[in-house]
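Accompanying notes for the structure given below.
The values are calculated or read from the model by the stated rules, or taken from the named source; none is laboratory data. All of these numbers come straight from a predicted model, not from anything done at the bench. Neighbour counts run over all protein chains shown; Cβ positions are idealised from the backbone, glycine included.
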Amino acid sequence: MPYQNVPFRTNKPILSWANHDLASREIQMAKNVASLPFVYKHVALMPDVHLGKGALVGSVVATEDALVPAAVGVDIGCGMCAIRTPYKSKKLDGKLKKIRKEIEATIPTGFDSNKKVGKSVYNWQGWRNFKDLHKGVQHLEKKALSQMGSLGGGNHFIEVCIDTEDSVWLMLHSGSRNIGNMLAKHHISTAKNLRKLANEKLPDPDLSYFVAGTEEFRSYWNDLQ
């Protein structure tokens, strides 16, 4: 798909694959990001680009020695996964309604969570890293245990797919279940405070950033991982 080099005078060029004419607020947001001194090479706008927090959702912004928490987004921990099963599409004949009912009965969605927490959840080795997350989410560990294996709401989904070779796939887009959102808000607030202390003027406060090598940068990077 061809791209357009957007003709704006900015620190770094803006390349657009957008499938619509950019609105004035979208243009300004793209220009704000492209004016940052640590942007690497260019700012890229994808076909579904739209307004976000500081940076456009659907934009690709590579940076050098800096991270902008608001540009990364508030959905830290949202996951995307596709798994190919050993089955062909014939295995699904007449079973789709049953499969859907079983998925909906087994996987909590929206604000729901598991009523019981199984041993396999408690034994997951990843829990040992929870204590290393930002202190602002430590009180949510018990809630996180009950949310393991749940889907979340919004645009999150479980989908049964068929590929061009007739294989059955399961595709999943899972949510961060509010913990990611809270982590992002804590770090965005910290970044804003740091820029204020440095008396630095930015085109948008939501483009506040962390500098590589600082404790705040390391803390944010740890939570992203």
- Message: Can you tell me which residue is farthest from PRO37 (Cα to Cα) among those in region 171-218 that are among the hydrophobic types (A, V, I, L, M, F, W, C) and not in a helix (DSSP H, G or I)?
- Response: MET171
- The condition from (1) surrounded by 17 or more Cβ atoms within 10 Å (Cβ to Cβ); (2) farther than 22 Å from SER174 by Cβ; (3) without any contact (Cβ under 8 Å) to a residue 40 or more places away in the chain that GLY52 misses is numbered (2)
- Test result for TRP221, among the hydrophobic types (A, V, I, L, M, F, W, C), at pLDDT 95 or above and assigned to a helix (DSSP H, G or I): yes
- Task: With the condition kept exactly as written, say whether any residue in region 79-99 is over 30 Å from TYR3 (Cα atoms) and of a type in the set (Gly, Ala, Ser).
- Result: yes
- Query: Listed residues GLU141, GLU165; which is modelled with pLDDT of 95 or more, among the acidic types (Asp, Glu) and within 30 Å of GLU102 (Cα to Cα)?
  - Reply: GLU165
- Considering LEU151, LEU207, LEU202, LEU170, which residue is within 23 Å of CYS78 (Cβ to Cβ), at pLDDT 95 or above and touching a Ser or Thr at 6+ places or on another chain (Cβ under 7 Å)? LEU170
- How many residues are modelled with pLDDT under 95 and on the phi > 0 side of the Ramachandran plot when one looks only at region 55-76? 2
- Item | Subset of region 144-188 (residues that are among the small types (Gly, Ala, Ser), farther than 26 Å from ARG128 by Cα and touching a strand residue (DSSP E or B) at 6+ places or on another chain (Cβ under 6 Å)) | SER167
- Message: Looking at the structure I just gave you, is LEU207 buried (at least 17 other Cβ atoms within 10 Å of the Cβ) and either within 30 Å of LEU51 (Cα to Cα) or hydroxyl-bearing (Ser, Thr, Tyr) (or both)?
- Response: yes
- Message: Just to be sure I understand the filter: pairs with C-beta atoms under 7 Å, separated by 6 or more residues or on different chains, first member in region 19-46 and without any contact (Cβ under 8 Å) to a residue 60 or more places away in the chain and assigned to a loop (DSSP other than H, G, I, E, B), second member surrounded by fewer than 20 Cβ atoms within 10 Å (Cβ to Cβ) and of a type in the set (S, T, N, Q). Which pairs pass?
- Response: PRO37/ASN11
- Query: Of all residues in region 175-204, how many are on the phi > 0 side of the Ramachandran plot and either surrounded by 15 or more Cβ atoms within 10 Å (Cβ to Cβ) or among the hydroxyl-bearing types (Ser, Thr, Tyr) (or both)?
  - Reply: 2
- Quick one: would you say GLY79 is more than 14 Å from the chain's Cα centre (by Cα) and closer than 29 Å to ASP166 by Cβ? no
